[in-house]
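Okay, structure first, notes after.
Every number here is computed from the coordinates shown, using simple stated rules; none is lab data. Since the structure is predicted, the reported quantities are computational estimates derived from the model, not experimental observations. With ideal geometry, Cβ positions are generated from the backbone for all residues, glycine too; neighbour counts draw on all protein chains shown.
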Amino acid sequence: MPERNKNVLRGAATREHVVEVATELFAERGYEGTPIEMVLHESGLSRGALYHHFKGKESLFEAVVDALEEDVGARTLEAAAGETSVEALRQGCFAWIRMASEPIVQRILLLDAPAVLGWERWRAMEERHALGLIKAVLSEVADEGGLPADLVDVLAHVLLAGVNEIAIFIARADDPESAVESGTAAVDEILTRLLVGPSTGSTPTPQTT
């Protein structure tokens, strides 16, 4: 293997290692409670090696957020796999609601990310990872006659914002388990009214993990 390719692979492995170490530290101690010196110590890297990959602590945090968004997206797709369009959206939303009770997701994605990156940058990252998936499902629903095609874009934004607000509600709740239950019921009610019809009072049946 050419030396250049080896260097590229080593660089990618180093970057991944730092992101993994930083994820654990940010989840445990929060952004403000994690000095860059601690990341250097735990990762075993020199300051120069770390700054070769990241401009600074905020840049590293953004990479951590991006990696977590990728993981959340993959798990959401897994939960929705094999379902019809409406049910795929429902199960994907349920999966995200459940993930909002996980400590790593709570601390990094839902509590620290909006504060550290700013609301606009955080929303842009959320949209980059999730908005396209929601639009794709709503487009299928529109093709099936379930909603007007010209409302797909705006409804995708509305659903993403609504589900994210529910996730933040869960992250800040004193009783996360109860908040997940309430959040799941709320998402089910929203989707039922929007895509199926008036609620009949049925109990939501999210998939278990």
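If you count, for each residue, the other Cβ atoms within 10 Å and average over each peptide, how do 66-76, 89-99 line up from highest to lowest?
Numbers: 66-76: 16.6, 89-99: 23.9.
Final packing ranking: 89-99, 66-76.
When the charge dipole of the chain is built from unit charges on Cβ atoms (+1 for Lys and Arg, -1 for Asp and Glu) and taken about the Cα centre, the candidate among 119, 84, 39 whose Cα reaches farthest toward its positive end is 39. The local environment of residue 118, defined by Cβ-Cβ distances under 13 Å, has a net charge of -3 under the rule Lys, Arg +1 and Asp, Glu -1. Full extension of the chain between residue 9 and residue 193 yields a length gain of 61.3 nm, computed as 0.36 nm times the residue separation minus the alpha carbon distance. Here the range 143-162 is scanned for amide nitrogen atoms under 11 Å from the site 7 Å beyond the Cα of residue 136 along Cα-to-Cβ, giving none.
Its DSSP H runs of at least 4 residues, each contributing -39,500 (n - 2.57), put the calculated 222 nm mean residue ellipticity of the chain at -22000 deg cm²/dmol, to the nearest 500.
Computed about the Cα centre, the dipole magnitude for the range 65-209 is approximately 160 debye when only Lys and Arg (+1) and Asp and Glu (-1) carry charge, each at its Cβ.
Over all directions, what mean area does the Cα convex hull of the range 78-145 project, stated in square nanometres?
Working: hull surface 19.9 nm².
Here the figure is 5.0 nm², rounded to one decimal.
Given the alternatives (1) 0.94; (2) 1.60; (3) 1.16, Cα Rg over 2.2 N^0.38 Å as computed for this entry is given by (3).
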